[in-house]
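The values are calculated or read from the model by the stated rules, or taken from the named source; none is laboratory data. Note that the coordinates shown come from a computational prediction; the quantities given were computed from them, not determined experimentally. When we count neighbours, we look across all protein chains shown, and the Cβ atoms used for this are built from the backbone with ideal geometry, even at glycine.
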Amino acid sequence: MYKTTKALHHIEEKMSEAQEGSLRHAVLACAKSFKSSWIDLGQYLVTIHKDKEYKVWGYSTFEVYCAKEIGIRKETAAKLIRSYRFLEEEEPEYVKKDYLESADTQKVPSCEAVNMLRQVKQNKDIGIADYERMKRQVLEEGKGEKEVKDVYRSMLQAVRESDPEEARREKKLNYLRRMISTVRSIKRELEINKLLPAKVITSLEKVIADIEQELS
């Protein structure tokens, strides 16, 4: 999802600095093997965020820690935390150690698929039968993000066809998704070319956060 050769090298360097067996070393190991260990990583991030452990390691904020130490954006960290908490609260058997040790790696649900399942669970317009169907696909069959997204899209389409108000809401969300992509692009250009003061970048970051709140 986020790992490049450079990012992996950076994580390995940080692992060499951390004491083996420590919380810091364990988190870095999870970040290195993100595909099969995102559940563990999500659990660690929940603890680190709650207890502010990152301050002990010399980072001013959780977001800076995520970016500088384990190489993930704050949006990815937030998704990990939301997805882990969802499993912990709604499907706790999938975060137990014995499941993670015995599960077929190919069937371990992805963070993105679990996050989509979370959205289905929270959508009051989606029926229980549809939720249970997606739950089987995500947690038992290990369906990937694209397949799950297609299923969710068909569910939303069925809701829109039966509810004009929901259709208007979906149109608004699609507009906001396009807007946030545009604002992020502008922010990157301004940062790279240093065209405006830092306070303008900060303002754009707030706009992005506000839009993300509307989309969550």
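Structure values in brief
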| item | result |
| --- | --- |
| Contacts under 7 angstrom Cβ, first residue in the stretch 127-152 being in a loop (DSSP other than H, G, I, E, B) and buried (at least 16 other Cβ atoms within 10 Å of the Cβ), partner polar (S, T, N, Q) and at pLDDT below 85, 6 or more apart | Gly142/Gln106 |
| Number of positions in the stretch 183-201 that are within 16 Å of Glu75 (Cα to Cα) and either outside any helix (DSSP H, G or I) or not aliphatic (A, V, I, L, M) (or both) | 4 |
| Residue check, Lys187 surrounded by 10 or more Cβ atoms within 10 Å (Cβ to Cβ) and at pLDDT 80 or above | yes |
| Sole residue being of a type in the set (Asp, Glu) and out of contact with any helix residue (DSSP H, G or I) (no Cβ under 9 Å at 6 or more places or on another chain), chosen from Asp130, Asp150 | Asp150 |
